[in-house]
Structure formats: C-alpha cells, structure tokens
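Inspection log for the structure reproduced underneath, given as structure tokens.
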Amino acid sequence: MDKLVIHGQQPLQGTLPVSGSKNTALPLMAATLLAKGTTTIENVPSLRDVHTFSNVLRISGADVQFDADTNRLQVDASRINYPEAPYELVKKMRASFYMLGALVGRCGRARVSMPGGCAWGPRPVDLHIQGMKAFGANIELDEGYVVATTPSGRLEGGSFRLEPSSVGATINLLLGAVTARGGSRIENAAMEPDVVAFGEALKTMGAQIDGLGTRTIEIQGVDALDAISFRNTPDRIELGTFMIAAAIAGKPGDPIRITEGDHEHLGHAFKEAFAETGAHVEYEPDVVTVAAPDTLNPVSITTGVYPGFPTDLQAQWTVLLACADGTATVTDTIYDDRFKHIPELQRLGVEVSVKGNTATVHGGGPIKGAKVMSTDLRASVSLVLAGMIAEGDTHVLRIYHLDRGYEDLQQKLSEAGVAIRREEYDEFAEPEPQQTVGAE
Ligand code: EPZ
C-alpha cells in the first residue's frame with residue numbers, strides 16, 4: 001500500500017495546473033452508452049475512478065480505450081449486450097450507479113448493484129429509484145441489485161421532484177429521460193456545473209433539454225443519440241483545493257498561478273468566503289492567481305447546493321481555518337457526518353471539535369507532523385494540505401483514496417516546491433518490541 005510523506009513548511013511557489021473534472025467525466029462516460037458508435041471525450045483525468053468506470057462500461061459490452069498521456073477516452077458503444085453493473089465494481093465507486101439511467105436509456109432495462117455506503121455514512125439512492133419509476137420503469141430489488149424493466153422496452157417519460165436536490169439523481173434521470181417516448185420534467189434539479197456540462201454534452205448528442213442550470217429541467221425524448229467528440233470541463237474542486245493550498249502554504253505576497261481551471265464553476269459562496277480570508281486573488285479566464293496574506297482571517301462557512309459552498313471543499317477549508325488567526329466554524333448541510341478527517345487533524349495538533357454537523361476550529365496554534373490516515377477522497381487531500389504547513393514530517397496513509405480524485409497530485413505539488421514523496425508501506429507491520437537491557 002502507498003503513503004505520501006510530506007516534509008512541511010516548504011513554501012509553495014510557481015504554478016499548479018488543474019486537471020479535467022472527475023465529477024463531470026463520470027456522467028459523460030455513462031452517456032456514451034446512449035449512442036451506437038464511438039464517442040470521444042478529451043481532458044479526462046487519469047484517476048482510479050475513471051479506470052473503475054471504464055471496467056463497468058466494458059462489462060456491458062462497450063469497448064473503452066483510455067490514453068492517460070493525452071487524457072483522451074474513447075468508448076465504442078455499438079454493441080451493448082449485457083445491461084448489468086456488478087456489485088464488485090459498483091461497491092468501489094458510487095457513480096457506477098449512473099449505469100441505471102444509461103442502460104435503461106439504451107436498452108430499456110438494467111440490473112445494477114445498489115452502491116454501498118461510504119466513509120461518512122449512508123448514501124441513499126431512493127430518489128434515483130423513485131424518479132425512474134415516475135418516468136415509467138418497473139423497479140424490483142433483488143439480492144442487492146436494482147432490476148429495472150420497461151413494459152414497452154422504453155421509458156414513457158414523466159415528472160418527478162427531487163427532495164433534497166441531488167446531483168446524482170439529476171444525472172441518472174437525465175440519462176433515462178433523453179431517449180424516453182414522451183416528455184419528462186425534473187423539479188428541484190441540481191444546478192452544479194458538472195450537471196450543466198453533462199447536460200450540454202447530451203444536447204450535442206441530439207438530446208432535447210431545456211432548463212439546464214435552473215431548478216426545473218424539461219426533456220423531450222428522442223429515438224436515439226449520436227456519438228460525438230466532447231471536451232470535459234476542468235475540475236472545480238481541484239481548483240478550490242489549490243487556491244486554499246496557495247493561501248496557507250505560499251510565501252505571503254508571492255503570487256501562485258493556478259492554471260487550466262474555470263473559476264466560474266466555483267460558485268459565489270466559495271469566492272466570497274475566500275476573499276474574506278484576506279488572501280489576494282485575481283481571476284482571469286484560464287488562470288487564478290493567489291497570494292497568501294500575512295495573516296489569514298477566520299471565515300466561517302456553511303455548505304450548500306450550487307452556487308452554495310461546495311461540500312467537497314469543506315475538509316480543505318478546515319485546514320485553512322487551522323492557519324487563521326482566530327476561531328471559525330465549518331457546517332455541512334449536505335451530509336450528516338462528513339468529518340472523518342477531524343480526528344486525524346487533531347493528531348497533527350489542530351484545535352478542532354465537532355458538534356452535530358458543525359466543526360469549530362481555533363486557528364493559529366502549532367501544527368506538527370505525524371502519521372495520519374486517509375478515510376475518503378477529500379479528507380485525504382485535507383491531510384496533505386495540513387502536512388504542507390506542519391512542522392516536520394507527515395505520513396498520509398492509505399492514499400488510494402487520494403488516487404481516486406486527484407491526478408498526479410504528488411508530482412504537481414513537488415513541481416510547486418513541496419517536499420513530498422510517495423512510498424510503499426506495510427499497512428499491517430507491527431513495531432518490533434524493544435529489548436529493554438537489564439530489565440527483570
Ligand atoms: C455528488 O455525489 C458528488 N459525486 C459528490 O462528490 C458530492 O459531494 C455530492 O454530489 C454533493 O455535491 C459525484 O459527482 C460522482 P447527491 P451524489 O445525490 O450525487 C441525499 C467527491 O468528493 N440523497 O447530490 O451522491 C444524499 O444523501 C464526491 O467527488 C438522498 O437522500 O450526491 C445527500 O445528503 C463525494 N437520496 C444529498 O442528497 C438519493 O437518492 C446530496 O447528495 C440521493 C441523494
């Protein structure tokens with residue numbers, strides 16, 4: 001198993017490039033099944049989740065080629081002859097559940113494993129299932145699998161309101177509705193840039209969709225979609241992560257360039273909170289320049305659906321607050337218990353406590369390197385950020401979590417001045433008992 005070893009307090013400098021968006025690439029990959037031909041997606045990040053989902057698509061009969069050097073992914077979905085997504089793969093990555101909408105949209109039927117929970121608790125899919133039923137699918141649960149069928153071999157279309165609004169359910173329902181016989185409506189739909197970019201790709205494939213980026217999306221089903229070439233959007237969460245890194249680990253006043261991102265995708269809540277910290281930031285079309293201030297202001301945040309503060313940046317923000325001069329809070333309204341990183345940050349000396357869905361951080365105290373454990377994708381990157389500003393060495397273990405969502409992170413940070421290296425380690429090795437000389 002691999003870990004990252006970071007020797008802290010080396011100033012971040014120079015440039016950090018943003019890769020393609022994981023959370024847009026995955027639905028785009030599902031959409032390729034809706035076209036009988038070869039779809040090409042550019043700017044796909046080389047991540048474990050992309051590798052896992054490529055295997056999920058192959059199971060259904062698609063031919064998937066991914067070139068990690070050019071970040072180009074090609075899917076030939078001419079023959080989809082096995083409309084199933086097995087537990088062994090779905091349990092590795094929740095987004096595999098998009099196969100429900102994609103296979104029903106392509107084949108009129110699907111057998112997809114229910115995704116398991118995740119590090120921070122249950123992640124239900126009740127909205128996905130109820131929505132598909134509202135659009136005309138018959139759904140049965142059989143030995144942990146969702147079995148969907150359509151009486152006429154095709155969804156009829158329908159109307160469904162999401163409570164709460166859900167990124168994944170919006171995506172799954174779009175995947176099914178675009179080839180339904182009739183019209184469909186999704187109310188309280190997600191407005192995240194990932195969903196909008198995905199919907200725009202479906203329209204390029206020939207889908208008829210109105211209302212992307214609003215709370216009500218209307219779809220008129222078409223008989224088939226065309227295979228296309230499409231460029232994936234940049235990863236907004238990686239962009240936000242790098243902005244926080246620059247604000248806490250850059251030399252005060254020394255500008256750090258974060259390139260190839262799209263700052264419009266951050267949402268106003270994050271931008272406003274980031275400005276309040278006192279970090280100097282300049283937004284240009286493809287470059288965000290950040291210079292750390294002499295002192296960071298403690299800015300409390302509450303996560304929300306887009307354009308609210310992204311839940312995927314709350315762990316990283318906690319580390320920023322650990323460096324700020326005062327006390328502030330992080331409240332997550334999207335998930336109940338996405339705080340598994342907190343005990344690990346406490347091992348580094350961060351003064352933080354959790355009550356309900358709010359973490360309170362008393363910033364400015366000493367942060368000292370230690371061994372810490374990754375528990376999920378965004379928690380693990382928060383531990384890397386903490387290691388960058390800690391005194392001494394920090395060992396971030398189980399970084400397979402990190403490899404799911406950050407392309408070449410160790411290389412990118414190395415090239416920006418961070419003393420960071422990847423090492424293998426034996427997760428189950430036990431320290432040798434010390435031979436105490438002369439002890440009776
Ligand atoms: C997507 O997950 C992202 N994943 C998550 O990013 C992100 O945290 C989340 O959206 C919120 O922005 C991908 O895009 C692959 P939701 P998703 O459905 O779709 C509840 C990362 O780090 N809900 O919008 O699963 C749910 O429990 C990942 O990249 C139901 O109750 O999130 C949650 O409280 C982590 N029933 C809320 O809705 C359902 O059927 C929002 O979840 C579905 C969701």
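The values are calculated or read from the model by the stated rules, or taken from the named source; none is laboratory data. Computed from a prediction, not measured in an experiment: that's the story for all the values here. So basically every Cβ, Gly included, is an ideal-geometry build from the backbone, and we count neighbours across all protein chains shown. Note: areas computed on protein heavy atoms with side chains; ligands, DNA, RNA excluded. Shrake-Rupley method; radii C 1.70, N 1.55, O 1.52, S 1.80 Å.
Structure notes:
- Matching residues in region 9-37 - criterion: being charged (D, E, K, R) and assigned to a loop (DSSP other than H, G, I, E, B): K36
- Scanning region 286-309 for residues that are of a type outside the set (S, T, N, Q), modelled with pLDDT of 95 or more and under 21 Å from D194 (Cα atoms) turns up V287, V288, G304, V305, Y306, P307, G308, F309.
- Each residue in region 237-266 was checked for being in a helix (DSSP H, G or I) and open to solvent by 30 Å² or more (accessible area, probe 1.4 Å), and 2 of them qualify.
- Selected residue (criterion: farthest from the ligand (Cβ to nearest atom)) from residues of region 399-435 that are among the aliphatic types (A, V, I, L, M) and in contact (Cβ under 8 Å) with a residue 12 or more places away in the chain: A419
- Pairs, first not assigned by TED's automatic domain parsing to the domain that holds I6 in region 371-398, second open to solvent by 10 Å² or more (accessible area, probe 1.4 Å) and away from the ligand (no atom under 16 Å from the Cβ), C-beta under 9 Å, six or more apart: none
- Test result for F428, open to solvent by 70 Å² or more (accessible area, probe 1.4 Å), more than 30 Å from K251 (Cβ to Cβ) and not charged (D, E, K, R): yes
- Of all the criteria given as (1) surrounded by fewer than 15 Cβ atoms within 10 Å (Cβ to Cβ); (2) within 13 Å of the ligand (Cβ to nearest atom), the one not satisfied by L127 is (1).
- Restricting G144, G101, G105 to those that are under 18 Å from G37 (Cα atoms) and in contact with a helix residue (DSSP H, G or I) (Cβ under 8 Å, 6 or more places away or on another chain) reduces the list to G105.
- Checking A119 against (1) within 24 Å of the chain's Cα centre (by Cα); (2) at pLDDT 95 or above; (3) hydrophobic (A, V, I, L, M, F, W, C), the condition it does not meet: (2)
- Residue in region 158-173 that is more than 14 Å from the ligand (Cβ to nearest atom) and in the same structural domain as G105 (by TED's automatic domain parsing) present: yes
- Any hit, region 363-384, residues being open to solvent by less than 30 Å² (accessible area, probe 1.4 Å), more than 21 Å from A247 (Cβ to Cβ) and charged (D, E, K, R): yes
- Residue check, R404 in contact with a Lys or Arg (Cβ under 8 Å, 6 or more places away or on another chain) and surrounded by fewer than 22 Cβ atoms within 10 Å (Cβ to Cβ): yes
- Some residue of region 281-301 being of a type outside the set (D, E), surrounded by 18 or more Cβ atoms within 10 Å (Cβ to Cβ) and within 16 Å of the ligand (Cβ to nearest atom): yes
- All told, L141 meets the bar of being within 16 Å of the ligand (Cβ to nearest atom), out of contact with any Gly (no Cβ under 7 Å at 6 or more places or on another chain), at pLDDT below 95 and not hydroxyl-bearing (S, T, Y).
- Of the residues making up region 202-236, those that are under 26 Å from F309 (Cβ atoms) and either more than 19 Å from the chain's Cα centre (by Cα) or open to solvent by 20 Å² or more (accessible area, probe 1.4 Å) (or both) are G211, L212, G213, T214, R215, T216, I217, T233, P234, R236.
- Answer from F53, F66 - the residue that is without any contact (Cβ under 8 Å) to a residue 60 or more places away in the chain, open to solvent by 50 Å² or more (accessible area, probe 1.4 Å) and either assigned to a loop (DSSP other than H, G, I, E, B) or assigned by TED's automatic domain parsing to the domain that holds R111 (or both): F66
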